[in-house]
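The values are calculated or read from the model by the stated rules, or taken from the named source; none is laboratory data. The structure presented is a predicted model; accordingly, all values stated were derived computationally and were not measured. Cβ placement follows ideal geometry from the backbone for every residue including glycine, while neighbour counts extend to all protein chains displayed.
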Amino acid sequence: MAINLNLSAIAIAGQAAWRRAKPIVLRDVVLLPALGFLGIIILWWVVALLNHELMPTPAEAFVANLDYILNPFYQRGPGNLGIGWLLLASLKRVLWGFLLGAVVAIPLGFLIGMSKPAMLALNPLIQIFKPVSPLAWLPIALAIFNLADPSAIFVIFITSLWPTIINTALGVSSVSKDYLDVARVLEMNRWRRITKIILPASLPYIFTGLRISLGIAWLVIVAVEMLTGGIGIGFFVWDEWSRLNLSSVFLAVLVIGVTGLLLDFALGKIQELVTHRPRTAN
Amino acid sequence: MVKSNSVYNNAYEPSLSKPGFLEISNLVKSYPTPDSGEFVVLNGVDLTVGEDEFISVIGHSGCGKSTLLKIVAGLERATSGTVRMEGREIRKPGSDRMMIFQHYGLLPWLTVRENIRLAVDEILKDAKRSEKISIVNEHLAMVNLTAAADKYPDEISGGMKQRVGIARALAIRPKMLLMDEPFGALDALTKSKLQKQVLDIWESRKQAVMMITHDVDEAIYMSDRIVLMTNGPAATIGEVLEVPFPHPRNRQEIRETKEYFELRNHALNFLDRYFTQDE
């Protein structure tokens with residue numbers, strides 16, 4: 001009953017806000033962004049027309065890609081897969097590497113944030129490894145695993161570590177003294193203090209780290225797949241370039257971009273669900 | 001030093017009634033300085049608080065009054081001297097001395113109800129689930145927050161947040177309440193309303209309270225005795241004023257009396273004197 005009332009109140013408030021904001025929303029959410037896209041398509045068109053050997057026009061690219069767009073999940077023999085399958089293969093690698101990275105990075109971040117000796121021992125390592133391009137780990141990974149897929153996952157794993165470790169450590173070490181005083185006055189033991197106070201208090205930081213990690217991981221997988229080959233959106237880009245099929249490269253760029261956006265959006269939604277707070281509140 | 005008369009008791013006269021519930025004796029707090037000296041914050045504080053006494057501590061900023069409260073809470077350790085409650089020395093924080101924080105100390109990821117429930121879960125570990133629920137509900141009602149029980153701290157006003165802090169503190173039935181400028185972050189109107197609410201609650205179930213404040217009117221309205229601190233560094237108790245009004249108190253009525261004026265002027269003069277010393 002109370003929930004129903006609340007919902008209807010929100011719905012009514014929402015409608016009122018929409019009525020007031022409608023012209024602005026239309027302009028800010030539809031018109032101006034559309035103008036941006038229009039601008040870049042015109043620029044592409046002009047460049048393509050001026051130097052037609054360099055690249056196809058947007059219309060030509062669209063026609064050339066029609067098969068990929070209409071049938072994202074075709075299977076025409078080994079290695080000849082729709083772009084949807086390629087995307088899923090890349091996503092699978094990224095998610096495995098990212099999840100393994102999070103499983104290692106969050107506890108490490110806690111350790112560094114809570115213990116000075118751990119911080120002193122691990123901080124120099126992190127500072128040295130953080131600026132290294134994750135691709136530099138690829139030969140090492142190939143030497144260890146001797147297989148493309150685990151190596152790609154390993155590189156994503158390494159990529160995902162640093163931002164999550166650093167942000168988790170920052171979040172854990174900057175938990176408000178007030179919250180810790182509450183824990184002390186309530187005589188919480190160490191474990192309760194971690195689970196009831198420090199973890200929830202630093203969740204916004206942890207999620208910031210995870211979102212940076214996932215963003216970089218998605219950047220890196222394309223480059224990794226270009227080097228390792230196999231099935232994946234990154235190798236698709238490289239393969240189509242080798243076949244001088246620039247139209248498909250344009251499509252791949254768009255697909256990679258939209259997927260990255262969706263990944264970040266999804267993680268943001270999970271953050272809202274887990275922290276019970278709107279993202280802006282941290 | 002002002003001369004004591006019947007209204008103003010000197011700090012160093014031991015209380016004549018029953019032995020103190022909380023006894024602070026010769027408390028010193030100092031921090032080492034980088035040049036291997038020491039910075040003395042509190043120097044020789046002696047104070048006794050009765051088990052149903054409401055005490056206010058007033059002083060200028062930086063006089064160490066918050067440090068004094070934190071030592072009683074167990075959140076900081078004294079350099080020397082002792083704090084005893086019911087004869088036992090205080091060495092660490094405990095739920096028998098529950099804090100009410102200036103900035104509320106609410107956990108923003110928990111609702112109002114969950115904030116209170118967390119404290120109840122931690123302290124009343126053996127209570128049944130139904131008991132815990134009724135304790136939480138009872139204290140939500142006590143501070144008139146039943147309607148806001150499922151809101152998050154970000155969604156309610158400062159006055160409401162502090163009422164949650166008070167409900168949380170009372171819900172675990174501490175022997176003593178420690179309040180660190182509990183109304184310091186509130187606007188004047190909310191502040192006076194909440195002072196009345198807190199006093200009403202205290203009058204209905206008296207217990208030991210130590211409240212840090214820098215508002216003389218608040219101290220007179222609410223407390224039984226007012227502790228005036230000298231300025232830091234090396235602050236100590238300058239005077240202790242006895243507030244002669246019986247409970248339950250009516251703010252308007254006591255404000256009309258001659259004693260109120262005398263008490264207020266005396267306290268303000270004391271604070272002014274220390275204020276001008278600085279300059």
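Annotations
- Among residues that are exposed (fewer than 14 other Cβ atoms within 10 Å of the Cβ) and touching a residue at least 40 places away in the same chain (Cβ under 8 Å), A:GLY79 is included.
- Subset of region A:162-178 [surrounded by fewer than 20 Cβ atoms within 10 Å (Cβ to Cβ) and either touching a His at 6+ places or on another chain (Cβ under 6 Å) or within 11 Å of chain B (Cβ to nearest Cβ) (or both)]: A:SER176, A:LYS177, A:ASP178
- Count of region A:144-157 residues which are of a type in the set (A, V, I, L, M, F, W, C), surrounded by fewer than 22 Cβ atoms within 10 Å (Cβ to Cβ) and in a helix (DSSP H, G or I): 3
- Checking B:ASN231, B:ASN250 one by one, the residue that is of a type in the set (S, T, N, Q) and free of Cβ contacts under 8 Å to residues at least 24 places away in the same chain is B:ASN250 and no other.
- Every residue from region B:86-108 that is within 14 Å of another protein chain (Cβ to nearest Cβ), touching a residue at least 40 places away in the same chain (Cβ under 8 Å) and not small (Gly, Ala, Ser): B:ASP96, B:ARG97, B:MET98, B:MET99, B:ILE100, B:PHE101, B:GLN102, B:HIS103, B:TYR104, B:LEU106, B:LEU107, B:PRO108
- Here the condition is being out of contact with any Phe, Trp or Tyr (no Cβ under 6 Å at 6 or more places or on another chain), of a type in the set (Gly, Ala, Ser), surrounded by 15 or more Cβ atoms within 10 Å (Cβ to Cβ) and in a helix (DSSP H, G or I); of A:ALA217, A:ALA266, A:ALA183, it holds for A:ALA183 alone.
Residue-wise test of (1) exposed (fewer than 13 other Cβ atoms within 10 Å of the Cβ); (2) over 23 Å from A:GLY215 (Cα atoms); (3) not assigned by TED's automatic domain parsing to the domain that holds A:PHE250.
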{"position": "A:GLU60", "(1), (2), (3)": "no, yes, yes"}
{"position": "A:GLN75", "(1), (2), (3)": "yes, yes, no"}
{"position": "A:ILE83", "(1), (2), (3)": "no, no, no"}
{"position": "A:SER90", "(1), (2), (3)": "no, no, no"}
{"position": "A:LEU108", "(1), (2), (3)": "no, no, no"}
{"position": "A:LYS116", "(1), (2), (3)": "yes, yes, no"}
{"position": "A:LEU122", "(1), (2), (3)": "no, yes, no"}
{"position": "A:PRO131", "(1), (2), (3)": "yes, no, no"}
{"position": "A:PRO139", "(1), (2), (3)": "yes, no, no"}
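- Scanning region B:109-148 for residues that are loosely packed, with under 14 Cβ neighbours inside 10 Å and either among the basic types (Lys, Arg) or within 9 Å of chain A (Cβ to nearest Cβ) (or both) yields B:LYS125, B:LYS128, B:ARG129.
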